[in-house]
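Quick notes on the structure that follows.
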Amino acid sequence: MTAYLASLATLAAIFAILAVTLNFMVGYAGIFSVAHAVFFGLGAYAGAQVALHLVPDALAACAVAALIAGGLSLCLALPALRVRGEYFVAASLGLQMMALTLFSEAKGLTGGLGGLIGIPPPRLFGFAVGALPLSLAALALILLAIAAMARGSFGRTLQSIRDAESAAEALGKNVAVAKALAVAFACAGAGVAGALFALHMQFVNVESFTLEQSVLVMAMVIVGGTGTLLGPVVGAVLLLSLPAGLAFLPFIPPTEVGAVQQIIYGLAMTLLMIFRPAGLVGDLSRGRSEA
Amino acid sequence: MNRPASMDPPLRCEGLARSFGGVQAVAGVSLALPAGQVTALVGPNGAGKTTVFNLITGNLRADAGVALLRGQSILGLKPWQVARRGVARSFQDLRLFTHMSVRDNVLAATERSAWFWQPGTGRRAREAAAEAALEATGLATLATARAVDLAYAERKFLSMARILAAQAEIWLLDEPASGLDLASRLRFGQLLKDARARGVAICLIEHNLDVVAELADRIAFLDQGRVLAEGEPQAILRDPQLAAIYFGDRPQEVA
Ligand SMILES: Nc1ncnc2c1ncn2[C@@H]1O[C@H](COP(=O)(O)OP(=O)(O)O)[C@@H](O)[C@H]1O
Ligand SMILES: [Mg+2]
């Protein structure tokens, strides 16, 4: 039971990393992407390969994952960010669908549909460490970094672009570079989450990196509160523990858990967006449409 | 009120032109903005005033013409590049950073670089510039309010505070005083006079001819994309032909 809870907590921390980094794009920079799971996947495969073939060191796995996910996102974002917001969402959707096929086909790197198995558990400088403290530490570091950026000039630049791109440009801000940096940081963070996920599960396959997963992370951000520091963490914990909680309810037959979960998700999201449009942690006045 | 124009106006446009489909919005506009002078850009709605700004700042591509900033061409540059060369502009529809605090709106105007590192000025100097801009625009007590929560006149002044904080040599102001009450208009006038005294070259789009008469050193009268007349305010404002164009078909414009 405690092992189960620890595993759940580790997953919550990993998904919280995904949610806070996606929120950095959506909430601060106003860039909507439904491809966050792609960079989660890139990080997971990269981290798994490092652990399998180089060293089972968590730091090395995370660093390589961050570099690959962040670097690739930069290459993709620079051309894609030239289009207007709505089109970027469409571009990210295309990327998500394409990446899933690539993940399934690039068997040498990803193990194809079967995935990568036998990934060694995480070590740090030669010592075995738990995935839970590791994930919590990574989450804390990323939250600190985001808090620092949000309060500094970079955060202000992103928020100004989100609120009025042309006015930000008229003040001398290179919008394309600022957006690309925001995307690279967020996707590097997703890569770290992926590496931790691989080390924790000791097995990864393409099913964890689907469009559904991207949408789930987006839901975590929106439910918790876009543009807030801790909202996405709340959203991640909530949406992850919901299915676990449902599984314990005796009156739901195990075969129906999935369907019930979908209904509750949908209902909760709809009600939330009506009564707290800015999310659980968000400022009440904010999600409302303005005159 | 008139100050001697410096020998070489820091911003000079010649023959700027731009059409949209069949509409010739700007048809060969030449304009010089001398340092330490307020040049009012006056003309009926749709005359092409805002488009002239958009051509100078790189928001729109010019079909023809030149725009020289201290002798160097700025046509073809991106808006952020023009801004970094010292041209600040305001927007007719303000475009405030709605969900940011008043102070952050102004601080953002002091920061150019996209990254953490802000070359040139130190953080203290930028914060001081922001505070000074808030003080000058009367927004100091509202520094923590969000832009979206401000009243109409306060929003106009926040737009001006951003311009002030940007510390540019050239200001392009698109109807910054429209809809202001008398007290606010006086405060706005003082902002402009102070900037003029510091040597800022100001171009002011303004419909209220009282404001123009009070603040402008020169007037350029624009109609259907052309400068019909340019010169001393008194001469332009008394010209019966221009008055006929200005008041003729749209008398309701002058509030
Ligand atoms: N981006 C644009 N696309 C199409 N037409 C435009 C655009 N901007 C301005 N125009 C047209 O150009 C003319 C001049 O507009 P504008 O410069 O906004 O006038 P003013 O600021 O003097 O009221 C108008 O006929 C307007 O409809
Ligand atoms: Mg206009």
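Only helical runs count toward this figure. For chain A, summing -39,500 (n - 2.57) over DSSP H runs of n ≥ 4 and dividing by all residues gives -23000 deg cm²/dmol at 222 nm. Between A:Leu249 and B:Arg70, the simple spin-label model (points 7 angstrom out along Cα→Cβ) gives 6.9 nm. The residue list A:Ala3, A:Thr110, A:Ala63 was ranked by how far each Cα lies along the charge dipole of region A:2-210 toward its positive end, using unit charges on Cβ atoms, and A:Ala63 comes out on top. Summed over both chains, the accessible area lost when B and A associate is about 2400 Å², using a 1.4 Å probe. Partners of B:Lys49 within straight-line reach, counting lysines whose Cα lies under 29 Å from its Cα and excluding those fewer than 8 residues away in the same chain: A:Lys173, B:Lys78, B:Lys156, B:Lys193.
Principal axis analysis of the Cα atoms in region A:152-251 yields extents of 59, 29, 23 Å, listed in decreasing size.
Measuring nothing but protein heavy atoms, the accessible surface of region A:2-210 at 1.4 Å probe radius is 74 percent carbon and sulfur.
From the P(r) of region B:28-92, can you give the percent of Cα pairs sitting at distances over 17 Å? All intermediate terms of the calculation are to be shown ahead of the outcome.
On the way: 860 of 2080 pairs.
That tail contains 41 percent of the Cα-Cα pairs.
With all protein chains in place and ligands, DNA and RNA left out, the 1.4 Å accessible area ranks A:Thr21, B:Thr98, A:Thr2 as A:Thr2, B:Thr98, A:Thr21, largest first. So what is the relative contact order of chain B, in percent, for Cα pairs below 8 Å that sit 6 or more residues apart? Worked out over chain B, it gives 27 percent. Using only the Cα atoms of region A:2-210, each taken as one equal point scatterer with no solvent, compute I(q) by the Debye sum, divide by I(0), and report log10 of the ratio at q = 0.15 Å⁻¹. Treating every Cα as an identical point scatterer, log10 I(q)/I(0) equals -0.89. For B:Glu154, the solvent-accessible surface with a 1.4 Å probe is about 60 Å², rounded to the nearest 10.
Averaged per residue, region A:2-210 has 38 square angstrom of accessible surface, using a 1.4 angstrom probe with ligands and nucleic acids left out.
Efficiency by 1/(1 + (r/R0)^6): what FRET value for B:Asn45 and A:Val177, r their Cβ-Cβ distance, R0 = 35 Å, to the nearest 0.05? Mind showing how you got there, number by number?
On the way: r = 37 Å, r/R0 = 1.05.
With a Förster radius of 35 Å, E is 0.45.
Note on chain B: dipole from Cβ charges, positive end direction compared against B:Ala128, B:Tyr246, B:Gly15; the farthest Cα belongs to B:Ala128. When the Cα atoms of the protein assembly as shown are aligned to their principal axes, the ranges along those axes come out at 89, 49, 45 Å in descending order.
With +1 on each Lys and Arg Cβ and -1 on each Asp and Glu Cβ, and nothing else charged, work out how big the dipole of region B:1-110 is about its Cα centre, in Debye to the nearest 20. Before the final figure, lay out the partial values.
On the way: 12 positive and 5 negative charges, 43 e Å.
Using only the charged Cβ atoms, the result is roughly 200 debye.
If you count the DSSP beta bridges with both ends in the protein assembly as shown, what percent of them are antiparallel, to the nearest 5? Percentage antiparallel, nearest 5: 60.
Against chain B, whose longest principal axis is taken from its Cα atoms, helix B:123-136 shows a tilt of about 60°.
Adding -39500 (n - 2.57) for every DSSP H run of four residues or longer, then dividing by how many residues chain B holds, sets the calculated 222 nm ellipticity at -10500 deg cm²/dmol. Count neighbours as other Cβ atoms within 10 Å of each site's Cβ, and list the chymotrypsin sites (Phe, Trp or Tyr not before Pro) in region A:221-270 that are DSSP loop with at most 10 such neighbours. Hits after loop and neighbour filter: A:Phe251. The charge dipole of chain B, taken about the Cα centre with unit charges on the Cβ atoms of Lys, Arg (+1) and Asp, Glu (-1), comes to about 840 debye, rounded to the nearest 20. Rounded to the nearest 20, the size of the Cβ-charge dipole of the protein assembly as shown about its Cα centre is 860 debye, with Lys and Arg at +1 and Asp and Glu at -1.
The values are calculated or read from the model by the stated rules, or taken from the named source; none is laboratory data. What you are looking at is a predicted structure, and each value in this text was computed from that prediction instead of being measured. FYI the Cβ positions are ideal-geometry reconstructions off the backbone, even for glycines, and counts take in every protein chain you see. Heavy atoms of the whole protein, side chains included, go into the accessibility calculation; ligands, DNA and RNA do not. Shrake-Rupley method; radii C 1.70, N 1.55, O 1.52, S 1.80 Å.
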